[in-house]
Amino acid sequence: MNLILLGPPGAGKGTQAQRLEEKHNLKQLSTGDMLRAAVASGSELGSQVKGIIDRGELVPDDIIVEMIAERIQRPDCAGGFILDGFPRTVPQAEALDEMLAQNDLKLDCVIELKVDDGALVARVSGRFTCAACGAGYHDTNKPTKRAGVCDSCGGKEFIRRDDDNAETVAARLEAYHRQTAPLLPYYDGRGTLSSVDGMGGIEQVAAEIDAVLNKCKTGG
């Protein structure tokens with residue numbers, strides 16, 4: 001089964017993708033990871049990608065699609081894949097569909113994690129992690145049991161990502177609605193789009209996603 005998870009930054013796509021990878025024998029494919037691997041490989045394509053990145057330019061869609069085409073042929077994708085971070089625009093989706101068709105593959109399901117913008121800003125801007133062990137916390141939803149002390153390792157130093165602030169999250173949401181949200185009617189028109197409530201707890205969202213996957217498998 002081949003999937004795409006859609007939703008704005010902070011919607012929980014990464015968390016759910018990891019769970020799907022473990023439970024359903026799918027491979028999570030991150031375009032960021034693929035780009036880094038290409039550069040590290042020293043291949044002709046990797047050298048081309050490195051030059052583009054070093055110039056501060058965006059890697060063209062055709063190169064991204066070429067990398068995905070190569071990656072999905074590897075044995076660990078035999079059970080299916082979850083695309084993470086691609087496509088972000090309708091032209092990218094069209095290029096992806098064309099490439100998959102050329103390889104006798106298709107997207108079985110596109111799942112949107114629907115979230116409330118205001119609640120998402122609060123969710124993301126409150127996140128912080130332990131500098132020592134990486135345990136994650138939230139100012140409101142998951143504070144440390146003892147103020148200033150990590151529950152897991154007892155560490156007393158914490159990190160907040162520079163882009164985990166209300167202004168940056170709001171800007172990323174605006175970019176998502178402008179660039180990526182048009183993918184929703186695109187995939188809806190192809191009969192592959194389903195939506196779940198991304199504002200619930202992790203297990204609740206996971207259960208809704210599983211229900212969607214069961215429908216996809218049975219053609220419901």
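Among the Cys residues of the chain, which have no other cysteine Cβ under 4.7 angstrom away?
Taking the Cβ cut-off of 4.7 Å, the unpaired cysteines of the chain are CYS77.
Projecting each Cα onto the charge dipole of the chain (Lys/Arg +1, Asp/Glu -1 at the beta carbon, about the Cα centre), which of THR192, VAL115, PRO91 comes out farthest on the positive side?
VAL115
Quote the FRET efficiency, to the nearest 0.05, computed for ARG161 versus LYS50 with a Förster distance R0 of 35 Å and r equal to the Cβ-Cβ distance.
Numbers: r = 25 Å, r/R0 = 0.72.
Plugging the Cβ-Cβ distance into 1/(1 + (r/R0)^6) gives 0.85.
How would you order 7-18, 115-126 from highest to lowest mean count of nearby Cβ atoms within 10 Å? Could the numbers behind the result be given before it?
Details: 7-18: 19.2, 115-126: 17.1.
Per-residue mean Cβ counts within 10 Å order the peptides as 7-18, 115-126.
If I take the Cα coordinates of the stretch 37-147 and project them onto the principal axes, what are the three extents in Å, biggest first?
The Cα atoms of the stretch 37-147 stretch 54, 33, 29 Å along their principal axes.
Students often check this: by mean Cβ neighbours within 10 Å, which of 39-47, 81-89 ranks highest, and how do the rest follow?
Numbers: 39-47: 12.8, 81-89: 20.2.
Per-residue Cβ counts within 10 Å, averaged per peptide and sorted highest first, yield 81-89, 39-47.
Using only Cα atoms, tell me the angle between helix 31-41 and the longest principal axis of the chain; keep it within 0 to 90° and round to the nearest 10.
Its long axis makes an angle of about 70 degrees.
When Rg is the radius of gyration of the Cα atoms in the stretch 1-80 and Rh is its Kirkwood radius, what does Rg/Rh come to?
Working: Rg = 14.0 Å, Rh = 13.9 Å.
Result for the stretch 1-80 is an Rg/Rh of 1.01.
Nearest 20 debye, what's the magnitude of the dipole of the stretch 105-220 about its Cα centre given +1 on Lys and Arg Cβ and -1 on Asp and Glu Cβ? Walk me through the numbers before you get to the answer.
Values: 15 positive and 17 negative charges, 48 e Å.
Magnitude of the dipole: close to 240 debye.
To the nearest 20 Debye, how big is the dipole of the stretch 135-180 about its Cα centre, given +1 on the beta carbon of each Lys and Arg and -1 on that of each Asp and Glu?
Values: 8 positive and 8 negative charges, 43 e Å.
Roughly 200 debye for the stretch 135-180.
Treating the beta-carbon of each Lys and Arg as +1 and of each Asp and Glu as -1, no other charges, what is the dipole magnitude of the chain about its Cα centre, to the nearest 20 debye?
On the way: 25 positive and 33 negative charges, 145 e Å.
Roughly 700 debye, rounded to the nearest 20.
Report, to the nearest 10°, how far helix 202-218 tilts away from the longest principal axis of the Cα atoms in the chain, using its own Cα long axis and a range of 0 to 90°.
Helix 202-218 sits roughly 20 degrees off the main axis of the chain.
Any of LYS50/LYS106; LYS23/LYS217; LYS106/LYS217; LYS13/LYS145; LYS13/LYS114; LYS106/LYS215 with alpha carbons more than 20 Å apart? Name them for me. Each step should come with its number before you reach the end.
Working: LYS50/LYS106 30 Å; LYS23/LYS217 15 Å; LYS106/LYS217 14 Å; LYS13/LYS145 27 Å; LYS13/LYS114 11 Å; LYS106/LYS215 16 Å.
Table pairs above 20 Å Cα-Cα are LYS50/LYS106; LYS13/LYS145.
Tell me the net charge near ALA132. Cut-off is 9 Å between Cβ atoms, ALA132 excluded, with +1 for each Lys or Arg and -1 for each Asp or Glu. Before the final figure, lay out the partial values.
On the way: positive: LYS156; negative: GLU157.
Spelling it out: positives minus negatives among the neighbours equals 0.
Sticking to Cα atoms, compute the Rg of the chain to one decimal and its Dmax as the biggest Cα-Cα distance, whole number, in Å.
Rg, Dmax (Cα atoms, Å): 18.7, 56.
If the chain between CYS153 and ARG74 were fully stretched, how many nm would it gain, using 0.36 nm times the residue separation less the Cα-Cα distance? Display every interim value, and only then the final one.
On the way: separation 79, 0.36 × 79 = 28.44 nm, distance 3.82 nm.
Length gained, CYS153 through ARG74: 24.6 nm.
For PHE81, list long-range residues whose amide hydrogen, built 1.01 Å from N in the peptide plane, is under 5 Å from its own amide hydrogen.
Those qualifying (amide H under 5 Å, at least 5 residues apart or on another chain) are ASN2, LEU3, LYS27.
Taking the highest mean first, how do the peptides 180-193, 52-65 order by number of other beta carbon atoms within 10 angstrom per residue? Walk me through the intermediate numbers first.
Numbers: 180-193: 14.9, 52-65: 12.9.
Order by mean packing, descending: 180-193, 52-65.
Mind pulling the angle between the C-alpha long axis of helix 61-71 and the longest principal axis of the chain? Nearest 10 degrees, somewhere in 0 to 90.
For helix 61-71, the angle is close to 90 degrees.
When DSSP beta bridges are limited to those with both residues in the stretch 80-220, what percentage is antiparallel, rounded to the nearest 5?
Numbers: 7 of 12 bridges.
Antiparallel bridges make up about 60 percent of those DSSP assigns within the stretch 80-220.
Run the simple label-point estimate for ALA175 and THR89 please: 7 Å along Cα→C-beta, distance reported in nm.
The two pseudo-label positions are separated by 1.3 nm.
Values in this text are rule-based calculations from the coordinates and carry no lab data. In this text, all values refer to a predicted model and were calculated from it rather than measured experimentally. Virtual Cβ from ideal backbone geometry, glycine too; neighbours counted across all protein chains shown.
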